[in-house]
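Take a look at the structure below.
The values are calculated or read from the model by the stated rules, or taken from the named source; none is laboratory data. Model, not experiment: these values are computed from the prediction. Positions of Cβ are generated from backbone atoms using ideal geometry, with glycine treated the same way; all protein chains shown enter the neighbour counts. When the accessible area is computed, the model is the full protein with side chains, heavy atoms only, and any ligands, DNA or RNA have been set aside. Shrake-Rupley method; radii C 1.70, N 1.55, O 1.52, S 1.80 Å.
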Amino acid sequence: YSKEQYLKIQNILFDTIKFVSKCEVVVDSSKTSRMTIWRPLMLSKLDGYEIRIIHVVRDGRSVLSSQLKGDNRKMMEKKENQKLSWPFLRTVVGWSTANFSAIFYNFFFKEKFHLIFYEDLISNPNLELKKLQKFTELDLSDTIQKLDKEKPIFGEYQFRGNRLLRKPICGIKNNSRKELNLFYELFYWALCGVLHLFLYRVLRKKQVFKY
């Protein structure tokens, strides 16, 4: 598609969703992978929509630990070959691409960009959701109360990768990061160390002062 064709299709898509749902807010859960890294920029050019970006960062070592376990879908379906091909390379490329884009969009969209650190969301979900509530200007009090009382939260629609319909959230568990072996740890810091430190030492502190 050309840029004009893509924007036209997206405008029709969001207009249709808005018309059918009768909602003023449309949530797009696309990931900023290498294939869609430019999507937020394109969506910002839609007619009649104000875009606000929410980006969740998780420690790359935790992402790598998860990737080493295998493919989530295959594990859920209990298939024989559950391992991912080249999990370390996939993590380094995918994690770096997504979070380099976060740095770019943080400076490009400024006040329309909100960064959430997974570790902060796990350790203090109420505070992070209150920040999100302020950013979106939406009432999230019901979700905050349910999480606080460990009541189930259900997803209303099924998207790829969204398991809320199959397994609702009941509170948030504070799972600590699992340690990697020395080989993976050293290579992670060699390839992702600068980006990791910038995200967690610079942008994380900026988010604290922002709110």
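Points worth noting:
- Debye, to nearest 20: dipole size of region 1-51, +1 on Lys, Arg Cβ, -1 on Asp, Glu Cβ: 240 debye
- Normalised per residue, the accessible area of region 29-68 is 54 Å², obtained with a 1.4 Å probe and no contribution from ligands, DNA or RNA.
- Computed from the alpha carbon positions, the gyration tensor of region 1-152 leads to an equivalent ellipsoid with semi-axes of 28, 23, 17 Å, biggest first.
- Share of carbon and sulfur in the accessible heavy-atom surface of region 1-67 [1.4 Å probe, %]: 58 percent
- Computed on protein heavy atoms with a 1.4 Å probe, the accessible areas place T16, T97 in the order T16, T97, largest first.
- Sequence-distant residues sharing a close amide H with I54 (under 5 Å, placed H): H114
- In units of the compact-protein estimate 2.2 N^0.38 Å, region 1-42 shows a Cα radius of gyration of 1.27.
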